Amino acid sequence: AETAPSGAVQLPGWHCLPSPRLRSKGSMFGRILRSQTARVATATTVAASTAIAAAARCEAAPDKGSVPTFTLGGNRYDQSSFTGRLAHFREMTDPKTLLTTQAELVEAQALLAAYEKGDAKNASDAELWEAKRIVSAIIHPTTGEQMFIGGRMSAFVPANAIPTAGMLLASSPSQIVFWQWINQSVNVMVNYVNRSGASVDWSQVGQAYALAVGVSCSIAVGARKLVENGPPWIKRLGIAVPYVAVVSAGAANVGFTRLPEMQGGVPITAPDGTPLGVSKAAAQSAVINTVLSRNLLLPIAPMLLPPIANGILKSVVPLGFYASAVAEFVFVCCSIYGALPMAIAVFPQEMQIDVGVLEPEFQGLKGKDGKPIAYVLCNKGL
């Protein structure tokens, strides 16, 4: 363990919090700290109560004009804007979707099928959008098959909260290796379930799994040793070790799991939905955007914020090991829940790719209206 300098409470790699002596009841700093903490807590409670009340009012009396006209191939929210994609992915990642029954899924699919045939004239736009939300969260957009429940984006928060908390709390090399292994096992499952293509090379998936576990464990253990034995400025980087390991291994995991897509291509369509074939260039763009959003941006909040928040909490309220672990778990859950839709909303799930960057066979194509096709559509995957 690192040795904290005099007058500081030890955080992982940080030496900036005052000691319990300075936080005692008789010290001016302690009184100020408690006063400011109480003010922050009160302000946070008021803000949260206001937000909850506003949300309750919106749900109790929805604005009928806020529901757009339903289109089977469209989206309820504007996918050309970040706020529209954020609203869409908040619905996609809502854990409550996991409670959807098979009967409700079948009913939603039947309603959409009836709409496609022109037999759903009595259904409202809100009912049709809700049916599409259920189907989109459970059915893979390319294969048309029901996705494994543990790998759906709606299961991301509960599936990743425990491994993330375990990686942050791990102290011994064996604990680090164990939680990195668990985390990459979850990652390869999510990558497989949310792939953009239909074909699966199981030998490639196995290689990706082995590589990701090896990379994450090597970086996590090696970087921790470097931090423990390094100079003070290196030790301050200790809080970032789990993040670096997760980002590096996650990128390798996605790359190898979806390597068959990059080698064989993914389906692309014209703007009107006409299939055009498969493109390797589109597959590469899909994988790169997935790595940037889910592997680079997403881990920032759950891997960096909980240790800081937990350290601040312990500086105000003394916590034992189990209470600290529970607090860390709560911080992780909140961070993932908030960061996941924001990270994957950076890029649209249905990408628009300029034909100029595609293979020669997709150059100069014309649509049904006789006009040149300027861009194609491709499912990015999540």
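The values are calculated or read from the model by the stated rules, or taken from the named source; none is laboratory data. Owing to the predicted nature of the structure, the values given are computational and were not obtained by experimental measurement. When we count neighbours, we look across all protein chains shown, and the Cβ atoms used for this are built from the backbone with ideal geometry, even at glycine. Accessible surface is based on the protein model in full, side chains and every heavy atom, while ligands, DNA and RNA are left aside. Shrake-Rupley method; radii C 1.70, N 1.55, O 1.52, S 1.80 Å.
Of the residues that make up region 180-191, is at least one buried (at least 16 other Cβ atoms within 10 Å of the Cβ), at negative phi and hydroxyl-bearing (S, T, Y)?
no
Does region 236-259 contain at least one residue that is more than 22 Å from the chain's Cα centre (by Cα), open to solvent by 40 Å² or more (accessible area, probe 1.4 Å) and at pLDDT below 80?
Yes; the residues of region 236-259 include at least one that is more than 22 Å from the chain's Cα centre (by Cα), open to solvent by 40 Å² or more (accessible area, probe 1.4 Å) and at pLDDT below 80.
Name the single residue, out of those in region 341-354 being open to solvent by less than 20 Å² (accessible area, probe 1.4 Å) and more than 26 Å from M167 (Cα to Cα), that is modelled with the lowest pLDDT.
M351
Out of region 357-369, which residues are under 15 Å from P271 (Cα atoms) and not hydrophobic (A, V, I, L, M, F, W, C)?
The answer is Q363, G364, K366, G367, K368, D369.
This table checks each residue for (1) of a type outside the set (D, E); (2) in contact with a helix residue (DSSP H, G or I) (Cβ under 7 Å, 6 or more places away or on another chain); (3) crowded, with 16+ Cβ neighbours inside 10 Å; (4) touching a residue at least 24 places away in the same chain (Cβ under 8 Å).
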{"site": "T93", "(1), (2), (3), (4)": "yes, yes, yes, yes"}
{"site": "A114", "(1), (2), (3), (4)": "yes, no, yes, no"}
{"site": "N122", "(1), (2), (3), (4)": "yes, no, no, no"}
{"site": "A126", "(1), (2), (3), (4)": "yes, no, no, yes"}
{"site": "I138", "(1), (2), (3), (4)": "yes, yes, yes, yes"}
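Collect the residues in region 103-130 that are part of a helix (DSSP H, G or I) and over 25 Å from S66 (Cβ atoms), keeping them in residue-number order.
Selection gives A103, L105, V106, Q109, A110, A113, K117.
I'd like the residue in region 316-340 that is buried (at least 21 other Cβ atoms within 10 Å of the Cβ) and not β-branched (V, I, T) and, out of all such residues, is farthest from G74 (Cα to Cα).
Residue satisfying both the conditions and the ranking: E328.
Quick check on T69: is it β-branched (V, I, T), surrounded by fewer than 17 Cβ atoms within 10 Å (Cβ to Cβ) and at pLDDT 85 or above?
yes
Given the criterion of a type in the set (S, T, Y) and under 30 Å from T274 (Cβ atoms), identify the matching residue among Y375, Y337, Y322.
Among Y375, Y337, Y322, only Y375 is of a type in the set (S, T, Y) and under 30 Å from T274 (Cβ atoms).
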